[in-house]
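One structure is given below, encoded as structure tokens.
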Amino acid sequence: MTPFRTARPTATATTTALAVCAALATLVAAAPAPAAPLVPATPLVPAARQDGPGPLPAVTPRAETATLYDDEQGGNANADDPAIWRDPAAPDDSLVIATAKEGGLRVYDLDARLVQSLPAPAAPGPDDAPGRFNNVDLVHGLRLSPGGTADLAVTSDRGHDRLRIHRIDPSRPGGPLTDVTDPAAPRVFSADQDEVDEQATAYGLATWTDRRSGRSYALASRRNRTSVALLELLPTRSGTVAYRKVRSLDLPSAFRLPDGTSWTPCGEPGELPQVEGMVVDPADGTLYAGQEDVGIWRIPADLRGKPVLVDKVREYGVPGTYDEESEECAPGEDPGFGGTRISADVEGLTLLPERNGDRYLLASSQGDDTFAAYAIRTGRENGAGRENRAIPRYAGGFRVTAASATLDGSEVCDGAAVRSEPLGSRYPGGLLVVQDGSATPAQDGREATGFTFVDLRKARGALGLTSTGGKTGG
């Protein structure tokens, strides 16, 4: 649950968001400490804070998917997270694979037209939760037996606390996705079905292929907890894909503020500040994880190193009181310890690589309907031959706004995905796909969501990027 939410004028009362804006804070390092869960404070209190980041440039989309409705008539479909698969042989035939929670998986072409719809697995029992696909990411070139190498879509099934793996084959009759999840695939966090039904289950997801070992992994976060698990993907002799948990890491849930007090983000009793949006930078094996009500963490993807909090949401440090009747948090006075560029929830994270070796981390600032970009500069290699992990620096932001009365922008955005390679004639400069948490126009009384397709050249222009990735004028 997002704290401090206020009602939003959307199709349903459940679609809500914060109306606050944010500006960049002093960067702070932190590590989880099981024995002492408080994170060290930022050394200095910010000297001044703005009410928001000021006007950001707007970009308009080229296409959007048909609206999904989260009700029985709509198959309980709720758009959440996209991934972009590029067809190297025919880039015009590339696909967008997206989660729709209880509505399963949707596959779209580059015109945002539906290609395939796959249902989520049924509930194992009458009182159990059905499958609920939350986040999706891709693995390229995993060697399967039999069948050679294959590209895979890996999804977190929040309803069953498992990963679901689909092989991608655009030539396959009936649709490009085939479920190759091993039937014996274990639960990610839960010991039994009773724990699964409590729904502290696999939530956010990112994939990673270790360049040194060639092994492929998924990193899954846990709903309503601070845990992140590293799961190795294991092809079987029968052509399916299993996985095993390698290790896990718990991020902090309590934080020491500069005034010496302790702060825990407000939420429903028993729930901890969860992580959802995640992405791995393949250049140096760094996981970026968005702890929704806290900020963005930088963590070694093997989960062996020290997490560093690289930016905080504006609401960081704001006390709150949970109201059981409204199921919302009422905020107290802002002490001014938060960041100033992203607003809770910080959600979809995706990585934009540039030809000069630099990368840009894009983050959905769900609370103020904006997107923030952080530059990750190419660094020198250390003695082990691995590039030093650089702290991302804020590089700008933008909004995705409606192109017309029938072509919507993006509000309350959950997931995002970017591909910088040419995608045929439609997107020769690459593609950005973002979730729209408040699709319009929508039918009265129905919660409406979808996915919006943006020409990446427009987003790059809004960030002032040159054709090689550098900033214009410098």
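The values are calculated or read from the model by the stated rules, or taken from the named source; none is laboratory data. Model, not experiment: these values are computed from the prediction. Glycine also receives a Cβ, built like all others from the backbone with ideal geometry; neighbour counts cover every protein chain displayed. Ligands, DNA and RNA are stripped out before the accessible areas are found, and what is left, the full protein with its side chains, is counted by its heavy atoms. Shrake-Rupley method; radii C 1.70, N 1.55, O 1.52, S 1.80 Å.
Side notes on the structure shown:
- Distance histogram for segment 242-355 (every C-alpha pair counted, 10 angstrom bins, percent rounded to whole numbers): 13, 40, 31, 13, 2, 0
- Applying 1/(1 + (r/R0)^6) with R0 = 51 Å to the Cβ-Cβ distance of ASP210 and ALA405 gives a FRET efficiency near 0.60.
- Using alpha carbons only: equivalent-ellipsoid semi-axes of segment 57-141, gyration tensor based, whole Å: 26, 17, 11
- For segment 384-450, the C-alpha radius of gyration sits at 1.56 times the compact-globule guess of 2.2 N^0.38 Å, with N the residue count.
- Using the Cβ of ARG158 as centre and a radius below 9 Å, the other residues enclosed give a net charge of +1, where K and R count +1 and D and E count -1.
- LYS306 sits with roughly 130 Å² accessible to a 1.4 Å probe, with DNA, RNA and ligands left out of the calculation.
- Calculated FRET efficiency for the pair ASN356/ASP194, C-beta based, R₀ 41 Å, to 0.05: 0.20
- Residues of type aspartates and glutamates that LYS306 reaches as a straight line, Cα spacing below 18 Å, ignoring anything fewer than 8 places off in the same chain: ASP250, ASP281, ASP284, GLU387
- Here is the size of segment 159-214 from its Cα atoms: Rg then Dmax, 14.7, 41 Å.
- Taken over segment 99-226, the alpha-carbon convex hull comes to 134 cubic angstrom per residue.
- Here the simple spin-label model places points 7 Å from the Cα toward Cβ, and for GLU271 and ASP109 these points are separated by 4.0 nm.
- Rounded, prolate or oblate (a/c below 1.5 giving rounded, otherwise prolate when a/b exceeds b/c) for segment 307-459 by Cα gyration tensor: oblate
- Heavy-atom accessible surface of segment 66-180: percent carbon and sulfur, 1.4 Å: 46 percent
- Surface accessible to a 1.4 Å probe, per residue, for the residues of segment 391-450, Å²: 34 Å²
- Rounded percent of accessible protein surface that carbon and sulfur make up, segment 253-301, 1.4 Å probe: 49 percent
- Across ASP259, ASP444, ASP302, ASP80, the residue with the most accessible area heads the list, and the full order at a 1.4 Å probe is ASP444, ASP259, ASP302, ASP80.
- Per residue accessible area in Å² of segment 135-231, where ligands, DNA and RNA are left out and the probe is 1.4 Å: 38 Å²
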